[in-house]
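Below you'll find the structure, written out as structure tokens, and then a few comments.
The values are calculated or read from the model by the stated rules, or taken from the named source; none is laboratory data. Just so we're clear, the structure is a prediction, and the values are computed from it rather than from any experiment. With ideal geometry, Cβ positions are generated from the backbone for all residues, glycine too; neighbour counts draw on all protein chains shown. For the accessible areas, the whole protein counts, side chains as well, though only heavy atoms, and no ligand, DNA or RNA atoms are used. Shrake-Rupley method; radii C 1.70, N 1.55, O 1.52, S 1.80 Å.
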Amino acid sequence: MRSSTSIAALALALLQGTNALNGAMQRKFNQLADMGYNPDGTPMDSPSADIDNRSIDIASLKSLKIASTADDVSITAAAEVITPEYVELPIDNFAKDKHQAVSYQGTFFNRYWVSTSGYKAGGPVFIYDAGEADAEPNALFRLQNETSFFKQIVDQFGGVGIVWEHRYYGNSTPGPIDINTPPETFEFLSTEQSLADVDRFAKQFSTKKINATLTPDKAPWVFVGGSYPGMRAAFVRNKYPDTIYASYAASAPVQASVDQSFYFDPVWRGMIAKGFGNCSQDIQAAVRYMDKIMDTDQRGAAKLKEQFLGLGAANNSHATFADALSSIFNTWQSYGIEGGSMGLRRFCDWIETDPESKALAPKEGWAKSKGASFTVGRWATWPLFAGNVNSYLDTNCSGKQNVTGDCDLDRRSEDPASISWTWQYCTQWGYFQSANLGPQQLISKYNSLQHQHDICHRQFPTASRALFPDWPNVVRTNAVFGGWSIRPSNTYWSNGEFDPWRTLSPASAEPFAPKVKLTQTPPKCGVKTSKNELFGFLLGDAEHCFDFRTTGVTVADGAVSRGIFTGALKGWLGCWKPKAANGYKWRA
């Protein structure tokens, strides 16, 4: 049976206050997807996900098969009780005062969870990085649930499992994080500092449950992460090879870039491959049609905004209205075309169905025969649009022509995780997901790079340039971490075919990216591949971190990818040697 935890309530809690323009929300979607749930809390493998859009003749719509490796998601009834633990760490890992004290800026307490239920003497220590979100909602799932890939790998190797919370997220903060937190508080929120946290933690780690030394000099440590944590998996192996012995870097966009307008190109290609090319064509026609109205007709633009979001929406800028329009793609990276009531399938089913005849659009969509205004009208009347926008952008648009709502799309985020991640991407990483103008355009041109820049400064209006650069300092970031060319040894990379974040990974297929050959032959222990080669795997018909899920919407290549990693890890662990002469050597 499923966990007694109310997943629907969890989904609402995760969504509350999120901002559609940053990775904190996507991390929350990933958490739910890995647990087998849609953003609305419905199980991905349950017909109940179809209860929305009742006015549509669902039977007439094509259906995509959803694969599941389990009929339910059950929490192991193990005797092990896991509670949060804390380690005291310096706020600034690198500064020293005149007395050479590393705690010159003070300290904070970093949260983590430990499972030892599968441990066998001499086993490795696995650390799962929760990344840019509160780790608590699914920490126990990662460590105790039989469908958790992380638990499966930890148990397979007889290891210790740790879920690690990133500094400045959840309870691992030097102080409260809210909309009034002074910018100076975030001075030490950086990827460099967070990697140093892992190094310090590992070197002092112990647990009362195991009478053995588990620090990296006596036990091999394996770092596992997907997305931003996948980047960290590669970086921490590269920068702290004596601490982290091996890494699993899934869907890791290690190349920092201000411009990530190409984020939407894999979405375009994926929609066509999955049979939704008519929908992508109609979205493009509708977006271009609305852009022309906003270009030339201010009254028409005001009416357009109210047509979509209800009375009170007309005062929003063209750019923030474009943010609302682009929200239909928010679930793509975590769910592909699926995603329950908030997914792209529901939206496409709506706009590609003629409301009178119930006929489905031809492969070229409706705009070619009925005109783009028809598609705009279908989009505007999608029953779930205004509600989804309210959830994503923390606003209260009425969605009705006769009701005035508090429809402000230009608000600062109040969600703590979103605030912290905004600081990170606006200072170091960029990832500005602006309009992909050109033949594959899906986003309004008003969602420009300048608008993305303005969102950063909207969130931190009083931050000084010394702390908060005008534009993200991606040149420095790539110089520090290596960007495209990073190739740490004992590291496995995985990517999804239609994952928007693959565009900035070493396995990118974009024309501007270096051409790299993927190999599934594990490099020898401690040996790096050349810059032209990557030990990794491309999951077909998959999006973001799909090899991390074993229930709900899965792909066959997920198990293949996990198998490549575990096969390589067996070989690498066979080479590991403790620092002390009398220590053990791990054997597969």
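With a simple spin-label model that places each label point 7 Å from the Cα along the Cα-to-Cβ direction, the separation between T296 and I210 comes to 6.8 nm.
Extending 7 Å from Cα along the Cβ direction at V403 and again at E192 yields two label points whose distance is 5.1 nm. If one takes the longest principal axis of the Cα atoms in the chain, at what angle in degrees, from 0 to 90 and to the nearest 10, does the Cα axis of helix 191-204 lie? Relative to the chain, helix 191-204 is tipped by roughly 30 degrees. Of all segments of the chain bounded by chymotrypsin sites (Phe, Trp or Tyr not before Pro) found in a DSSP loop with no more than 13 other C-beta atoms within 10 Å, the longest spans 95-511. Can you tell me the FRET efficiency between E533 and N180 if r is taken as the Cβ-Cβ distance and R0 is 41 Å, rounded to the nearest 0.05? FRET efficiency, E533 to N180: 0.25. Where in region 117-133 is the amide nitrogen less than 15 Å from a point lying 7 Å along the Cα-to-Cβ axis of N171? Correct set: none at all. Within the accessible surface of the chain, defined with a 1.4 Å probe on protein heavy atoms only, the carbon and sulfur portion equals 51 percent. Full extension of the chain between W484 and A273 yields a length gain of 73.3 nm, computed as 0.36 nm times the residue separation minus the alpha carbon distance. Computing Rg and the Kirkwood Rh from the Cα coordinates of region 460-588 gives a ratio, Rg/Rh, of 1.08. The trypsin sites (Lys or Arg not before Pro) of region 184-286 meeting both criteria, a DSSP state outside H, G, I, E and B (loop) and at most 14 other C-beta atoms within 10 angstrom of the site's C-beta, are K208, K209. Separation of region 257-299 and region 350-378, taken as the distance between their Cα centroids, equals 16 angstrom. Cysteine residues of the chain whose Cβ has no partner cysteine Cβ closer than 4.7 Å: C545.
Out of every Cα pair in region 258-459, what percent are spaced more than 25 Å from each other?
Values: 7001 of 20301 pairs.
When every Cα pair of region 258-459 is considered, 34 percent fall beyond 25 Å.
With 19 Å as the limit on Cα-Cα distance, the pairs of K292/K400; K203/K239; K303/K400; K368/K445; K151/K517 that go past it are K292/K400; K368/K445; K151/K517.
Each part reduced to its alpha carbon centroid, region 221-246 and region 110-186 end up 14 Å apart. Annotation note: trypsin sites (Lys or Arg not before Pro) in region 414-520 located in DSSP loop regions with a Cβ neighbour count of at most 15 within 10 Å are R465, K515.
Could you tell me how many degrees, from 0 to 90 and to the nearest 10, lie between the Cα long axis of helix 277-296 and the main elongation axis, the longest principal axis, of the Cα atoms of the chain? Between helix and principal axis, roughly 70 degrees. Taken over the C-alpha atoms, the chain has Rg and Dmax values of 23.8, 80 angstrom.
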